[in-house]
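Just below is one structure, and these are the notes that go with it.
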Amino acid sequence: MSAAVEMQPYVDPRDRGGAAQPMLIARELQRHFRVKGAGTGAVVRAVDGVSFTLFKGETLGVVGESGCGKSTLARLLLHLVVPDSGELVFDGDAVGERGGVNVADLRRQVQMVFQDSYSSLNPRMPVQDSIAFGPMVNGRSKTEARRIAHEILVKVGLRPDLFGPRYPHELSGGQKQRVNIARALAVGPRMVILDEAVSALDKSVEAQVLNLLRQLKRTLNLTYLFISHDLNVVRYISDRVLVMYLGQVVELGPAAEVFARARHPYTRALLGSRLSMDAGRRIEAPPLVGDPPSPIDPPSGCRFRTRCPHAESVCEARMPTLGHWEDRSSHVAACHMTRPDSGHSLAGSA
Amino acid sequence: MNERVVVAPGAIPADSEIADNEVDLAPAIKVRGYWQSVLHRLRYDWMTIGFGLVVLAIVIAAIAAPLIAPFDPYQQSIVGRLKPFGWRGHPWGTDELGRDMMSRLIYGGRISLLMGLAPVLIATVVGGMLGVIGGFAGRVANTAIMRTMDVFYAFPSILLAVAISGAMGGGMINGIISLSLVFTPAMCRVAETATAQVKNLDYIEAARASGASTLTIIRHHVLGNVLGPVFIYASSLVSVSILLASGLSFLGLGVQPPEPDWGLMLSTLRQSLYVDPLGCALPGIAIFVTSICFNLVSDGVRGAMDVRG
């Protein structure tokens, strides 16, 4: 080791690409699920051509209605669900391809925290064993894994001697979710996918866990993909936001930008549906009516057009693309209104 | 750090030193393991304990039969046939060949318990393994295993046991084999259902996400959760097995004379029903008491194991 390297503040030895290399690049990820019982070959287009870049050290918030493919996307990133097509590049290496990073290595570096804190812990196992399981299957000895589990428990704010030997049903929801976070961190990941990780918690506990997540990110140098349907939470924790609708990305940009100047009508509708603390500011008309169309047979052209107040013939004819994004500050939306040359009457105004 | 992170009481800042008074202030409850907590709940269940003691007594009597039995169970006597209770020191009288009833009943417990436990044990291991494999494997393996089991399911259990025993001939070993075959499909189904329920839970996915192989996941996360339902079901099968074994012996398909078996005793004493009705009823009572005690104990254990939280 040369002196120059030692002088640097912190370099993760696993960081191969350097700070400029994105942690994760997803290109045109696609996963369709066959519909059971339908002999017609109908498929649910759960994730349909999703591309994004996750930069090192950032928190990317993923928002969208229930059933828009957020959770499938999370599982695709970990190869818990194998994508039909598309490419995944982790720190410069293609995932699951020759010469790239294999899935086992990926899973050592990317971990996931699940929404349901109850079903995500083995009810027959003391939580310290649940946490130690990851290190153990990755070759640590039993005592070493136990020691790691105790260290991580301290990091998530639970006393190991008190909480380690407990069973999940002896913990509160917030404590269980802390344990889940500890379990994810025990493997020593560089990136953590938080799939609705705080959604099931009540507000005060949610705030505690969110703060914990922020601290852990700072101290452990983590990158987060934060999936939630709660816009306020996403705004609080995210650096950038990705908005999904029916398996596609409709808007992507810095959190402050997206929340201040949403460019896609769907994002605007979502933001309009947020409840306000201000009693004078009431939601008079529902910003969005009806349910999203079926992902089995999505609308032609723009998928949002059936619920969009500005839908025109061009929206039916052509599917708007997200366009190119360069870096963390790019703000793009898949809407014809954002393109001056699209032929939409309101083009360029958004 | 210019941004002051608000930490709610009970949580310690992740990067701070751990200080005892700062850490989560949950009361220091006594932590029990799962089986410990089951035992704890059973402690106050007097019914289960009572019937459990009866089962224990029967088991001990069967194991220690040579020490307890007052007479040789095979010793016949021409003059002492079908004698009433207390006749010449025979506390429960004698049977149709003049053998001591009490000794035969005590020795008979050995065979009845063996016939009750062995098939269940075999079925639990074999059926449980098949069920876990079937539950965890893909659709093809699952279909292959479960549909095969369904074929066995198509027959009533007693009929199947009689058919298999009849085809293979009498004897204790064949009886155990046939009963094992009868119980395996049911056991397999219980294990498969429990496995399928567990398989799709997030902690299995989390385990997979941490890089564990399927075998490791089954060993650490599936078996423990399948064991509960399987154990409960197995314990309820013991009494069924005792009854079926007695039925087989009664029909002459199980244990062969002169072995002292409760079902066989019932069968041979049946002809003396009008001469010695009480003595005739004794093996039946033994079967009844043993199976009902096993049933009630399994019921109590099931109740203690079901409780969550």
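A short reminder: the numbers here are calculations on the coordinates, not readings from a lab. Because the structure is a prediction, the values reported are computed rather than measured. Glycine also receives a Cβ, built like all others from the backbone with ideal geometry; neighbour counts cover every protein chain displayed.
The convex hull of the Cα atoms of region A:169-222, projected and averaged over all directions, covers 3.7 nm². Candidates A:104, A:60, B:200 compared by Cα position along the dipole of the protein assembly as shown: farthest toward the positive end lies B:200, with charges placed on Cβ.
Would you work out the charge dipole size for region B:75-185 about its Cα centre, treating the Cβ of every Lys and Arg as +1 and the Cβ of every Asp and Glu as -1, and quote it to the nearest 20 debye?
Working: 8 positive and 4 negative charges, 38 e Å.
My answer is approximately 180 debye.
Compared with the dominant principal axis of the Cα atoms in chain A, helix A:173-186 is inclined by about 80°. Over all Cα atoms in region A:207-257, the spread is summed up by Rg and Dmax: 11.9, 36 Å.
Here is the P(r) of chain B: all C-alpha pair distances, binned every 20 Å from 0, give 26, 44, 21, 7, 1, 0 in whole percents.
Counting only Cα atoms, chain A measures 66, 51, 50 Å along its principal axes, largest extent leading. Spatial offset of region A:44-72 relative to region A:236-277 amounts to 12 Å, using the alpha carbon center of each. A straight Cα-to-Cα reach below 14 Å connects residue A:203 with the aspartates and glutamates A:230, residues fewer than 8 places away in its own chain not being considered. Working from Cα pairs under 8 Å separated by at least six residues, relative contact order for region A:191-301 is 18 percent. Cβ crowding within 10 Å, taken as a proxy for footprinting-reagent exposure, orders B:214, B:268 from fewest neighbours to most as B:214, B:268. When the charge dipole of chain B is built from unit charges on Cβ atoms (+1 for Lys and Arg, -1 for Asp and Glu) and taken about the Cα centre, the candidate among B:257, B:187, B:50 whose Cα reaches farthest toward its positive end is B:257. Helix-only arithmetic for the protein assembly as shown: the sum of -39500 (n - 2.57) across DSSP H runs with n ≥ 4, divided by the residue total, places the mean residue ellipticity at 222 nm at -14500 deg cm²/dmol.
How high is the relative contact order of region B:36-306, in percent, with contacts defined as C-alpha pairs under 8 Å that are six or more residues apart?
Values: 407 pairs, mean separation 69.3, N = 271.
Contact order relative to length: 26 percent.
Count Lys and Arg as plus one, Asp and Glu as minus one, and take only other residues whose Cβ is under 11 Å from that of residue B:265; the net charge is then -1.
Here the spin labels are modelled as points 7 Å beyond Cα on the Cα-Cβ line, and at residue A:65 and residue B:273 they lie 7.3 nm apart.
Summing Lys and Arg as +1 and Asp and Glu as -1 over all other residues whose Cβ lies under 13 Å from the Cβ of residue A:225 gives a net charge of +2.
In whole angstrom, the protein assembly as shown maps to an equivalent ellipsoid with semi-axes of 66, 29, 22, each derived as √(5λ) from the alpha carbon gyration tensor and ordered largest first. Hey, with R₀ at 60 Å, roughly what FRET efficiency would residue A:306 and residue A:143 work out to, going by the Cβ-Cβ distance, to 0.05? My answer for the efficiency is 0.55. Here each label is just a point 7 Å from Cα along the line to Cβ, and for residue B:148 and residue A:35 those points are 3.6 nm apart.
Any idea what the dipole of chain A comes to, in debye rounded to 20, about its Cα centre with Lys/Arg Cβ at +1 and Asp/Glu Cβ at -1? The partial results should precede the final answer.
On the way: 43 positive and 36 negative charges, 133 e Å.
Computed charge dipole of chain A: roughly 640 debye.
Farthest towards the positive end of the charge dipole of the protein assembly as shown, among the residues B:158, A:21, B:37, is the Cα of B:158, using unit charges on the Cβ of Lys, Arg, Asp and Glu.
Using the Cα centre as the reference, give the magnitude of the dipole from point charges on the C-beta atoms of the protein assembly as shown (Lys, Arg: +1; Asp, Glu: -1; all else neutral), rounded to the nearest 20 debye.
Values: 63 positive and 56 negative charges, 75 e Å.
The dipole magnitude comes to about 360 debye.
Within the straight-line cut-off of under 17 Å between alpha carbons, none of the lysines are reachable from residue A:70, sequence neighbours fewer than 8 places apart in one chain being disregarded.
Sequence-distant contacts, meaning Cα pairs under 8 Å at least 6 residues apart, place the relative contact order of chain A at 17 percent. For chain B, the longest principal axis of the C-alpha atoms and the axis of helix B:101-136 are separated by about 30°.
Write down the percent of antiparallel bridges among all DSSP beta bridges whose residues are both part of region A:160-251, to the nearest 5. Here the share of antiparallel DSSP bridges comes out near 40 percent. Partners of residue A:56 within straight-line reach, counting aspartates and glutamates whose Cα lies under 13 Å from its Cα and excluding those fewer than 8 residues away in the same chain: A:12, A:15, A:91, A:239, A:327. With the simple spin-label model, which puts each label point 7 Å out from Cα in the Cβ direction, the residue B:67 to residue A:261 separation comes to 9.2 nm. Cysteines in chain A lacking any other cysteine Cβ under 4.7 Å from their own Cβ: A:68, A:308, A:335.
Can you tally the net charge around residue B:82? Count Lys and Arg as +1, Asp and Glu as -1, for every other residue whose Cβ sits under 15 Å from the Cβ of residue B:82. Please report the intermediate quantities before stating the final value.
On the way: positive: B:81, B:83, B:88, B:99, B:104, B:270; negative: B:95, B:96, B:100, B:276.
Every neighbour counted, the sum reads +2.
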